[in-house]
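Below is one structure, written out as structure tokens; the observations come after it.
Since every read-out is calculated from the coordinates, none of them should be taken as a lab result. Computed from a predicted model, the values in this text were never measured in an experiment. Cβ atoms come from the backbone with ideal geometry, glycine included; neighbour counts cover every protein chain shown.
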Amino acid sequence: MARIIVVTSGKGGVGKTTTSAAISMGLAKKGHKTVVIDFDVGLRNLDLIMGCERRVVYDIINVINGEASLNQALIKDKNCNLLSILPASQTRNKDALTQEGVGNILEELSKEFKYIVCDSPAGIEQGAHLAMYFADDAFIVTNPEVSSVRDSDRILGLLSSKSQRAEKNEEPIKEYLILTRYAPERVKSGEMLSLDDVQDILSLDLLGVIPESKSVLTASNSGNPVILDEKSDAGQAYGDIVARYLGETRPHRFIDGKKGLFRKLFGGG
Amino acid sequence: MGRKGCLGSYLGAGDMSLLDYFRTSKTSSASLAKERLQILVAYERSSHNQPPYLPQLQQELLIVIQKYVNVNCDAMTIKLEQSDNQETLELNIVLPDFRRV
């Protein structure tokens with residue numbers, strides 16, 4: 001039986017697709033057969049971040065409408081053969097996604113894959129609703145910024161009321177926090193919400209903090225998930241997140257920034 | 001954010017350091033952000049848990065009250081609270097100063 005993970009946030013531009021690409025690659029690299037699904041119908045971008053945009057033939061709507069089989073629509077990742085991508089449709093309306101159609105796809109994928117990662121679109125409309133509806137685990141991607149924290153709180157409310165687990169009175173979806181674009185120096189100077197500030201409001205299980213990093217843009221420029229850049233801070237942070245999710249204990253990094261004793265005592269950025 | 005002291009900038013300070021403790025600090029923008037968020041989130045959590053008919057009920061009650069008393073639209077707050085085995089509907093109406101009516 002597969003574990004279904006939704007990567008969600010409410011707000012756009014906080015790093016959902018970057019995170020979906022990174023963790024699905026990380027899970028596959030750890031030896032687990034994984035599929036990542038783009039739920040952003042009409043504005044697909046996961047294909048671009050994964051670097052498979054020129055290999056998209058069929059998409060999730062084609063599968064729901066019976067115009068293609070699931071195997072025809074799945075794209076094998078170029079870096080890791082345990083990872084597959086199910087792209088969103090670029091042309092059709094978001095309402096083409098149906099609960100029954102998505103349910104059937106997830107059921108079929110569950111037979112073959114260990115992890116199913118659902119990359120949610122921004123907002124709280126149909127695409128976002130269906131991305132989270134069948135989930136077992138939710139990764140809440142949040143920036144240390146007021147609008148993002150507020151939207152995350154709204155999403156938490158929906159996860160606990162508008163999901164299959166909630167409707168069937170089953171054990172609730174497990175919710176985890178991934179705090180992205182974190183700049184410890186700005187936190188120290190009081191111009192950015194700290195991890196503790198965000199946790200005072202959301203109080204979630206922390207999977208990890210992704211530091212603000214140039215490597216994220218470099219990775220998307222080249223179409224390789226940032227987790228493959230093992231030298232980069234963001235790549236390592238995502239590596240930690242995947243390991244923690246799989247049950248390893250790893251100390252949290254990138255929260256305090258790197259500083260020597262002298263700089264700690266006398267400042268100096 | 002904030003102005004650095006001469007000594008701090010001489011040492012190339014940018015972040016929280018020993019020297020910061022001797023500077024007089026204004027309320028940071030992050031703490032303001034947190035305060036605003038806490039208030040907003042608490043309000044939104046309570047309003048999302050309310051039944052969907054509540055805004056309409058409030059609207060209609062207000063119309064009835066306005067037939068008899070000259071109250072403002074924002075003069076009424078409505079709250080539904082649930083405890084173990086009872087629900088309480090709390091209505092709070094601020095009446096205008098009667099001498100002026």
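Within a 10 angstrom radius of each residue's Cβ in B:46-56, how many Cβ atoms of other chains show up on average? Whole number is fine. Write down the numbers at each step before the final one.
Numbers: counts 0, 0, 5, 2, 0, 0, 0, 0, 0, 0, 0.
Per residue, the number of nearby Cβ atoms from other chains is 1 on average.
Computed FRET efficiency, Cβ-Cβ of residue A:160 and residue B:83, R0 22 Å: what is it to the nearest 0.05? Spell out each step's value before the answer.
On the way: r = 20 Å, r/R0 = 0.91.
Between residue A:160 and residue B:83 the formula returns 0.65.
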Q) Considering only the other residues whose Cβ falls under 12 Å of the Cβ of residue A:248, what net charge follows from Lys and Arg at +1 and Asp and Glu at -1? A) +2
Q. Taking the C-alpha atoms of the range A:135-263, how large are the radius of gyration and the largest Cα-Cα span, Dmax, in Å?
A. 16.0, 57
Q) Under a Cβ-Cβ cut-off of 13 Å, what is the net charge of the residues other than residue A:136 that fall near it, where Lys and Arg count +1 and Asp and Glu count -1? A) +1
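Please sort through the DSSP H helices of chain A and keep those with an alpha-carbon extent of at least 15 Å along the long axis and a Kyte-Doolittle average not below -0.5.
Numbers: long enough: A:16-29 (19 Å, 0.26); A:99-112 (20 Å, -0.73); A:146-159 (20 Å, 0.39); A:233-245 (18 Å, -0.33).
What comes out of the filter, once short or polar helices are dropped, is A:16-29, A:146-159, A:233-245.
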Q.
Using 31 Å as the Cα-Cα cut-off, could you pick out the over-long pairs in A:76/A:214; A:76/A:168; A:168/B:79; A:114/A:188?
A. A:76/A:168; A:114/A:188
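Among bridges DSSP assigns within the protein assembly as shown, what percent are antiparallel (round to 5)?
Roughly 25 percent of the beta bridges in the protein assembly as shown run antiparallel, per DSSP.
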Q | Packing-based ranking, highest mean first, of A:31-37, B:55-61 given that Cβ atoms within 10 Å are counted | A | A:31-37, B:55-61
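If packing is taken as the mean number of other Cβ atoms within 10 Å per residue, what is the order of A:73-83, A:95-105, B:39-49, B:81-91, highest first?
On the way: A:73-83: 17.7, A:95-105: 16.0, B:39-49: 12.5, B:81-91: 8.5.
Listed from highest to lowest mean packing, they are A:73-83, A:95-105, B:39-49, B:81-91.
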**Q.** Peptide B:30-43 - average C-beta neighbours from other chains (10 Å radius)
**A.** 5
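If each DSSP helix of 4+ residues adds -39,500 (n - 2.57) and the sum is divided by the residues in chain A, what number results at 222 nm, nearest 500 deg cm²/dmol? List each step's numbers first, then the result.
Numbers: 13 runs with 109 residues, N = 269.
Computed mean residue ellipticity for chain A: -11000 deg cm²/dmol.
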Q: Binning at 5 Å from 0, report for the range A:68-225 what percent of all alpha-carbon pair distances ends up in each bin.
A: 1, 7, 14, 17, 18, 17, 13, 8, 3, 1, 0
**Q.** Spatial separation of Cα centroids for the range A:10-37 and the range B:40-56, in angstrom
**A.** 33
Q: Using Cα pairs closer than 8 Å and at least 6 residues apart in sequence, work out the relative contact order for the range A:77-157, in percent.
A: 20
Q: Quantify how much of the Cα-Cα distance distribution of the protein assembly as shown extends past 26 Å, in percent.
A: 59
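Across peptide A:177-190, how many C-beta atoms of other chains are within 10 Å of each residue C-beta, on average? Working shown, then result.
Working: counts 0, 0, 0, 0, 0, 0, 0, 2, 3, 4, 4, 6, 11, 14.
Whole-number average of other-chain Cβ neighbours for A:177-190 is 3.
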Q. Among the aspartates and glutamates, which have Cα under 18 Å from the Cα of residue A:30 when same-chain residues fewer than 8 positions away are ignored?
A. A:77, A:112, A:229, A:230, A:240, A:248
Q. Considering every Cα-Cα pair within the range A:118-206, what fraction, in whole percent, is farther apart than 16 Å?
A. 54
Q | Separation in nanometres of the label points that stand 7 Å from Cα toward Cβ, at residue A:256 and residue A:218 | A | 2.6
Q. If you average the sequence gap of Cα pairs under 8 Å that are 6 or more apart and divide by the length of the range A:120-269, what percent do you get for the contact order?
A. 19
Q: Please work out the C-alpha center-to-center distance from the range A:175-254 to the range A:52-91 and express it in whole Å.
A: 29
**Q.** Protection proxy ranking of A:225-232, A:23-30, A:241-248 - average other beta-carbon atoms within 10 Å, highest first
**A.** A:23-30, A:225-232, A:241-248
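Please report, in debye to the nearest 20, how large the charge dipole of the protein assembly as shown is about its Cα centre when each Lys and Arg carries +1 at its beta carbon and each Asp and Glu carries -1 there. Don't skip to the end; give the middle numbers.
Values: 44 positive and 47 negative charges, 285 e Å.
The dipole of the protein assembly as shown has a size of about 1360 debye.
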(Q) Taking 2.2 N^0.38 Å as the expected size of a compact globular protein, what ratio does the Cα radius of gyration of the range A:69-109 give against it, to two decimals? (A) 1.32
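To the nearest 0.05, what FRET efficiency results for residue A:112 and residue A:249 with a Förster distance of 25 Å applied to their C-beta separation?
Values: r = 30 Å, r/R0 = 1.21.
Given R0 = 25 Å and the Cβ-Cβ separation, E is 0.25.
Expressed as a whole percent, how much of the Cα-Cα distance distribution for the range A:29-136 exceeds 15 Å? Show your work: numbers first, answer last.
Working: 3397 of 5778 pairs.
Distances greater than 15 Å cover 59 percent of the Cα pairs.
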Q) Nearest-5 percent of antiparallel DSSP beta bridges in the range A:1-153? A) 10
